[in-house]
Structure formats: C-alpha cells, structure tokens
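See below for the structure under consideration.
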Amino acid sequence: MNGITTLIWYASKNVPRFEMFYDGSFGSQLLFAVRGKALSVNRRTWRWNEGNTRLCLQCNRGVEETVERLVLECSKYEHQQESLMDVVHEQCGENKWNARCVEEDSGTRYLVGLDEECNITVVDAMKDFLVHSWNK
C-alpha cells in the first residue's frame, strides 16, 4: 500500500472486520468514501473540477478543501459541526477528544470508526453530519 494515499487510514487496521455501520444508506456511502479518502473534495478532484482549484469554495478562506477541514473547520458547516461535537463530547469526553485532535488526522479516524476505540454512536453522528452537509 506504499504510495497509495487513499489507503493510508486502512493500513492501520490489523484485520478486516464486519462494520455494522454500513447499512446501504446515503450516509453509509459517504462514510465509505471518507474512510477511503475518496470523498469528492476539491483537494482530490481539483484536476477535473469546474474551477480547477484545491481551495474550499464553501467558506472562501483560501485554504485547501480536505475531508478533515470540511468536517472540523469549514465555517459553512458550523451548525452540523456543533451537533457532531455534542455527540463526540458526550461519548468520549471533551478532554479525550481534544487529545485526539492533536493527532495527524485531527481525530477524523475516530469519527469514521477507524480508530481502535470505534464508537457506533459517534460514527452514526458522523454519517448524519455527512448527509446534512454534503450538497455537491
């Protein structure tokens, strides 16, 4: 898997396992794309997108549109982010979440269920976030 950036997160999985959050819904499809780093954000699609840009066009702050940024930082999705963070803080605690945020992926692996401490409630909240935010 060396050099295949879409598989970076999966490389840390010890063994394949049944994932109970894939239920055929639109949220599950989006989650699958996020987990494979294949969600059509501008950083990934800039070569063939309309504006030929990697920048986020949702908030126009002049930064690259990445999955991590869309989920955690883009101001357009502030309301959805607050709802997601309410669930995250309830499930793992604010201090533990803040510790995860300093990791390389800013805690996104935990949100999509690729972390050792997979929490189905958090993953379901992430699916809801994706469904309510994804408008491309």
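The values are calculated or read from the model by the stated rules, or taken from the named source; none is laboratory data. Since we're looking at a predicted model, the values are computed, not measured. Glycine gets a Cβ as well: all are built from the backbone with ideal geometry, and neighbour counts include every protein chain shown. Note: areas computed on protein heavy atoms with side chains; ligands, DNA, RNA excluded. Shrake-Rupley method; radii C 1.70, N 1.55, O 1.52, S 1.80 Å.
General remarks:
- Candidates Arg109, Arg43, Arg100 - the one that is modelled with pLDDT under 90, open to solvent by less than 30 Å² (accessible area, probe 1.4 Å) and not in a loop (DSSP other than H, G, I, E, B): Arg100
- Among residues of the stretch 57-93, those that are assigned to a helix (DSSP H, G or I), touching a Ser or Thr at 6+ places or on another chain (Cβ under 9 Å) and farther than 16 Å from Glu103 by Cβ, counted: 8
- Matching residues, the stretch 115-136, being part of a loop (DSSP other than H, G, I, E, B) and closer than 14 Å to Ser28 by Cα: Trp134
- Gly62 meets the stated requirement of being more than 11 Å from the chain's Cα centre (by Cα), open to solvent by 40 Å² or more (accessible area, probe 1.4 Å) and of a type outside the set (Asp, Glu).
- Answer residue from the stretch 120-130, given it is buried (at least 17 other Cβ atoms within 10 Å of the Cβ) and not charged (D, E, K, R) and is farthest from Glu94 (Cα to Cα) among those: Leu130
- The stretch 113-131: number of residues that are under 13 Å from the mean Cα position of the chain (by Cα) and modelled with pLDDT of 90 or more: 10
- Members of the stretch 39-84 found to be within 13 Å of Leu130 (Cα to Cα) and in contact with an Asp or Glu (Cβ under 7 Å, 6 or more places away or on another chain), listed by number: Val41, Glu68
- Among residues of the stretch 36-94, those that are of a type in the set (Ser, Thr, Tyr), without any contact (Cβ under 8 Å) to a residue 12 or more places away in the chain and under 27 Å from Glu117 (Cα atoms), counted: 0
- Every residue from the stretch 28-67 that is out of contact with any Lys or Arg (no Cβ under 9 Å at 6 or more places or on another chain), of a type in the set (D, E, K, R) and within 19 Å of Glu78 (Cβ to Cβ): Arg61
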